[in-house]
1. Could you work out the relative contact order of the chain, using alpha carbon pairs under 8 angstrom and six or more residues apart, expressed as a whole percent?
2. Only Lys, Arg, Asp and Glu count, each charged at its Cβ (+1, +1, -1, -1), so figure out the dipole size of the chain about its Cα centre, rounded to 20 debye.
3. In whole Å, what are the extents of the chain along the principal axes defined by its C-alpha atoms, from largest to smallest?
4. Please give the contour-minus-distance gain from Glu70 to Phe46: 0.36 nm per residue of separation, less the Cα-Cα distance, rounded to one decimal in nm.
5. Whole-Hz Karplus ³J(HN,Hα) for the stretch 69-75, in order, using 6.51 cos²θ - 1.76 cosθ + 1.60 and θ = phi - 60°, x for Gly and Pro?
6. When the helix-only estimate is applied to the chain (DSSP H runs of n ≥ 4, each -39,500 (n - 2.57), divided by the residue count), what is the mean residue ellipticity at 222 nm, nearest 500 deg cm²/dmol?
7. Can you tell which of Cys81, Val68, Gly25 lies farthest toward the positive end of the dipole of the chain, using +1 and -1 charges on the Cβ of basic and acidic side chains (Lys, Arg; Asp, Glu)?
8. Quick query: amide H of Gly59 versus all other amide H atoms, modeled in the peptide plane; which residues come in under 5 Å with a sequence gap of 5 or more or a different chain?
Amino acid sequence: MKYLGRTIRIVGNFVTDKTVKTKHGTYMKFGTFLDVDGDFFDTVHFPPSLVAYPLRDWGLYLIEGKVVEEFGCPAIEVSRCGKMPLKTDPRSV
């Protein structure tokens, strides 16, 4: 809540999402992620950002967006996000 109204960047481990059809017939998503401390945070992906930066698969995402509050719960309105590459395990190479 201390970042309310500010644009932030955060890395999160993708947990789940919910796809919703808007009244205009386009799709948006609500996402849930885990941060580095193991705390959950929620994201809102409106149609323009979802088309440009889709959630494709499980993994770590770098998320940029504005912190908003709805019904006393903070969420991040995503402006950009992208899946982060993972280093391969050197034992398996």
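1. Relative contact order comes out at 30 percent.
2. 340
3. Over the chain, Cα extents along the principal axes are 49, 33, 18 Å.
4. Using 0.36 nm per residue and subtracting the Cα-Cα distance, I get 7.1 nm.
5. Result, rounded to whole Hz: 10, 9, 6, x, 10, x, 8.
6. Value at 222 nm, helices only: -1500 deg cm²/dmol.
7. Gly25
8. For Gly59, whose amide H was placed from the backbone, the distant partners under 5 Å are Phe14.
None of the figures in this text is laboratory data; all of them are computed from the coordinates on show. These numbers were taken from a predicted model, which means no experiment stands behind them. Reconstructed Cβ throughout: ideal geometry from the backbone, glycine too, with neighbour counts over all protein chains shown.
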